[in-house]
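The next block holds one structure in the form of structure tokens; read it before the comments.
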Amino acid sequence: MTEVRVPTLGESVTEATVATWFKKPGDAVAVDEMLCELETDKVTVEVPAPAAGVLGEIVAAEGETVGVDALLAMINAGEGAAPAPVAKGTDTGNPGAAASGGDAVDVMVPTLGESVTEATVSTWFKAVGDTVAQDEMLCELETDKVSVEVPAPAAGVLSEIVAPEGTTVDASAKLAVIGGATASAAPAAAPAAVAAPAASADVENAPSANKMMAEKGIDSAAVTGTGRDGRIMKEDVMKAALAPAAAPAPAAAAAPRAPISADDASREERVKMTRLRQTIAKRLKESQNTAAMLTTYNEVDMGEVMALRSQYKDQFEKKHGVRLGFMSFFTKACCHALKEVPEVNAEIDGTDIVYKNFVHMGVAAGTPTGLVVPVIRDADSMSFAEIEKAISEKGRRARDGKLSMAEMQGGTFTLSNGGVYGSLMSSPILNPPQSGILGMHKIQDRPMAINGEVVIRPMMYLALSYDHRIVDGKGAVTFLVRVKEALEDPRRLLMDL
């Protein structure tokens, strides 16, 4: 027999939810054939078969939360009998063990991940007195890094909730008690969907999909499920969120503005920040408090880049199979400038300055779930075509929620293009421990004085935020001037000037 275990999920990711099993016990499987799909808050991971044979016992059912290296299933060498059932809670990341008939079972906080010592109970999906099936989702916890769904360790009746919503619990706390528990893993009825109605009475959506539909206010009827039997997956919800709405819903803001009065408080809505949002706020503030952040501005005439792109874009796409955009020009210009002003590509480590003799370029990208910054490694040694291919591929993976944690770490400098949203001017915030970030903005025709004449030119404001602890004003201004010069005369990039 061969064990099927949870693969490495990425740096700092310690658990996942079993989203879909593509095979069932008794099915023949080939080496590397996809057995199941796991979901984390960042990525979707497919689990291939480590050996050929017959799928025996499935240890971790759909919807169950499992830790890294947890046992998922067994593969038998041939058509023999399936292996003896493995008790739920063994090597699956669920600390609660299945009980014998009629016992009370404690529901404990599952493994939260390395360095995570506490969580907040955000939502209870069941109330005291409700009947629960084994592995049915009972509640959801939020930590600084991930949302953790807590399944029932046994079937029975939820007799007590020890930690109500809003309670902060440590890693060894008891959450609830299930009375009259039984070890049966086959409930009489299929478990109900957690946070949103399922696609049909017999199909339960992926828990992460239910959560996202609830957060975004998306009806499951508007989402096409691509999972087994029409099961709605996280990626399906993300695609639905990107699709244009058929008709805009009436907005509360359209109503006449009421005068300020004493009853305003009754018309306000107060929503507690998620732990993830609290962490984002804390880290952004720490960035401001730690770095001596300053922003310097300049403007660039984009006429030459636009003309060059217009002249060669068709040939470029025909030869390289990717469109020629502006980002490759900015990436090249920044790499060129970072060679002259290396402190913008450095970071502080205690009392040392660490200079990077390479450029791992972070490129901010908007997704349905928020802003992410995939990193293009060794961008300084890449061609225009290689940069455009990397940006296109990373952007697609970001929108599909397929980026791994490793792909968003290790950047030495960042590009942020607020111009795609229409921003004319902004001051980007540093991404620690980086010492520089370049903000790009909207290209807008403006009257410019050139050789004593007023000429309409396509202009863009540039903003460089930098850490003044290691980057002096002269270095910051020089960097921005070199970027401006390279973009206004792209031939300088070819001549290394």
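The values are calculated or read from the model by the stated rules, or taken from the named source; none is laboratory data. No experiment lies behind these values; they were computed from the predicted model shown. Every residue, glycine as well, gets a Cβ built from its backbone with ideal geometry; the counts of neighbours run over all protein chains shown.
This table checks each residue for (1) at pLDDT 95 or above; (2) surrounded by 14 or more Cβ atoms within 10 Å (Cβ to Cβ); (3) not aliphatic (A, V, I, L, M).
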position	(1), (2), (3)
ASP301	yes, yes, yes
SER310	no, no, yes
MET327	no, yes, no
CYS334	yes, yes, yes
VAL341	yes, yes, no
THR367	no, yes, yes
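Tell me, yes or no, whether the range 313-323 has at least one residue that is part of a helix (DSSP H, G or I), in contact with a helix residue (DSSP H, G or I) (Cβ under 9 Å, 6 or more places away or on another chain) and charged (D, E, K, R). Taking every residue of the range 313-323 in turn, at least one turns out to be part of a helix (DSSP H, G or I), in contact with a helix residue (DSSP H, G or I) (Cβ under 9 Å, 6 or more places away or on another chain) and charged (D, E, K, R). Of the strands (runs of 3 or more DSSP E) contained entirely in the range 401-497, those carrying at least 1 residues that are under 24 Å from the mean Cα position of the chain (by Cα) and within 19 Å of GLU340 (Cβ to Cβ) fall at 413-417, 436-440. Looking only at the range 138-178, filter to residues that are surrounded by 18 or more Cβ atoms within 10 Å (Cβ to Cβ) and of a type in the set (Ser, Thr, Tyr); which one of those is modelled with the lowest pLDDT? Within the range 138-178, the match that is modelled with the lowest pLDDT is SER147. In the range 432-443, is there at least one residue being in contact (Cβ under 8 Å) with a residue 60 or more places away in the chain and over 25 Å from GLY473 (Cα atoms)? The answer is yes; a qualifying residue exists. Scanning the range 333-369 for residues that are of a type outside the set (S, T, N, Q) and either assigned to a strand (DSSP E or B) or in contact with a Lys or Arg (Cβ under 7 Å, 6 or more places away or on another chain) (or both) yields a count of 17.
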